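The structure appears below as structure tokens.
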Amino acid sequence: MNEYFNKLSAKVETALLEEIDSERSVLESSIHYSLSIKGKRLRPLIFLTLLDAFGSIPENFMDIAVAIEYIHTYSLIHDDLPAMDNDDIRRGMPTVHKKYNEAIALLAGDTLLTMAVEKISNSDISEKDRISVLRILTKSIGIEGMAGGQSLDLLFKGDPDIISEIHRKKTAELIKGTMMSAAELSGLDMRSKAILSQIGLKIGIAFQMADDLLDIVGNEKEVGKKLHKDSSNKSPNSVLYFGSEVIKEKIENEYEEVLDLIKEMNLDFPPFLELIDMMVHRRK
């Protein structure tokens with residue numbers, strides 16, 4: 001299994017940087033820097049692994065996988081800015097605004113989002129599929145997705161009843177969109193798409209709850225970012241409002257429901273099962 005992910009990850013890493021020249025400009029250097037700090041690459045791996053599970057050749061859709069990681073990286077750069085979460089460390093390295101400056105970081109994020117749209121628009125798939133993927137992914141990061149969730153996060157005043165909505169919009173919608181893009185490109189029927197949509201949301205919410213748990217009990221060296229800050233900045237961290245034991249139980253409940261849904265759609269593909277297990281039982 002490790003060999004499977006190592007090979008796929010290596011192809012993603014190569015594709016992410018192949019058109020970016022760090023010597024060409026400060027802006028391009030900052031983009032190169034942000035992509036060179038290797039993360040888990042979970043979203044492109046989910047996308048490519050699902051394509052494999054559905055009988056497609058993952059490498060034929062690498063442009064879409066790259067676009068998905070560009071979107072995720074843009075969101076991290078903006079999320080780290082002083083106006084947002086004000087983080088200095090990301091993946092064990094200085095954040096882009098600390099390495100360069102706030103203006104360059106803002107432009108780097110904007111440019112990565114634009115590059116994602118360009119990647120999808122120029123990808124070697126049918127025009128219908130390009131439009132469908134753009135529709136799915138842009139919806140997942142707009143008002144009803146990641147941007148809307150970040151807005152609710154920033155405006156959070158301590159109401160625990162909206163934490164699940166923040167988790168869904170800020171984190172789960174893009175994970176769902178990643179899975180639905182693979183479903184669209186693989187020609188899945190409507191029933192399978194509906195089940196996969198539920199899987200994406202449930203895994204995304206469990207993933208965010210696991211992140212909340214890590215902020216409270218995790219190890220900064222392992223996680224690669226500053227922890228234990230949520231308790232002091234009025235963050236909508238579910239553990240602070242419901243307790244670690246309740247959140248652990250919620251994570252396991254979501255995970256068990258996902259496994260049932262996977263059985264329902266006969267998605268018995270070991271690499272995908274390992275990925276979702278890693279997402280909900282994460283240590284970093």
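By Kyte-Doolittle mean hydropathy of at least -1.0 and Cα axial length of at least 20 Å, which whole DSSP H helices of the chain are selected?
Span-like helices in the chain: 2-17, 62-80, 102-121, 127-141, 190-217, 244-264.
Return one whole number: the accessible area per residue of the stretch 4-94 in Å², for a 1.4 Å probe.
Heavy-atom SASA per residue in the stretch 4-94 reads 41 Å².
Counting only Cα atoms, I'd like the Rg/Rh figure for the stretch 1-152, Kirkwood definition for Rh.
Reported Rg/Rh (Cα atoms, Kirkwood Rh): 0.96.
With 25 Å as the cut-off, how large is the P(r) tail for the chain, expressed as percent of Cα-Cα pairs?
Taking all Cα-Cα pairs of the chain, the fraction more than 25 Å apart is 45 percent.
Counting only heavy atoms of protein chains, what accessible area per residue, in Å², does the stretch 147-199 have with a probe of 1.4 Å?
It amounts to 40 Å² per residue over the stretch 147-199.
Note down the relative contact order for the chain as a percent, whole number, built from C-alpha pairs under 8 angstrom at least six residues apart.
Across the chain, relative contact order equals 18 percent.
Using only alpha carbon pairs under 8 Å that are at least six residues apart, calculate the relative contact order of the stretch 152-213 and give it in whole percent.
In percent, rounded to a whole number, it is 44.
Arranged from highest to lowest average of other beta-carbon atoms within 10 Å per residue, in what order do the peptides 134-145, 263-274 appear?
Put in order of decreasing packing, that is 134-145, 263-274.
Beyond 32 Å between alpha-carbons counts as too far, so tell me which of Lys99/Lys202; Lys7/Lys234; Lys40/Lys98; Lys7/Lys119; Lys128/Lys234; Lys99/Lys193 fall in that bin.
Lys99/Lys202; Lys7/Lys234; Lys128/Lys234; Lys99/Lys193, as the Cα separations exceed 32 Å there.
Expressed as a whole number of Å, what is the distance separating the alpha-carbon centroids of the stretch 134-203 and the stretch 252-279?
Each part reduced to its Cα centre gives a spacing of 17 Å.
Using a 1.4 Å probe on the protein chains only, how many percent of the accessible area of the chain belongs to carbon and sulfur?
Roughly 52 percent, rounded to a whole number.
Quick query: amide H of Ile89 versus all other amide H atoms, modeled in the peptide plane; which residues come in under 5 Å with a sequence gap of 5 or more or a different chain?
Long-range HN contacts for Ile89: Thr95, Lys226.
Highest first, please rank the peptides 10-16, 123-129, 39-45 by the mean number of other Cβ atoms sitting within 10 Å of their residues.
Peptide ranking by packing, descending: 39-45, 10-16, 123-129.
Would you mind classifying the stretch 78-166 by shape? Square roots of the alpha carbon gyration tensor eigenvalues, ordered a ≥ b ≥ c; an a/c under 1.5 is rounded, otherwise it is prolate if a/b is larger than b/c and oblate if not.
oblate
The values are calculated or read from the model by the stated rules, or taken from the named source; none is laboratory data. In this text the structure is predicted, and so the values were computed from the model without any measurement. Cβ coordinates were reconstructed from backbone atoms using ideal geometry, including for glycine residues, and neighbour counts include every protein chain displayed. Calculation scope for accessible area: heavy atoms of the full protein, side chains included, ligands and nucleic acids excluded. Shrake-Rupley method; radii C 1.70, N 1.55, O 1.52, S 1.80 Å.
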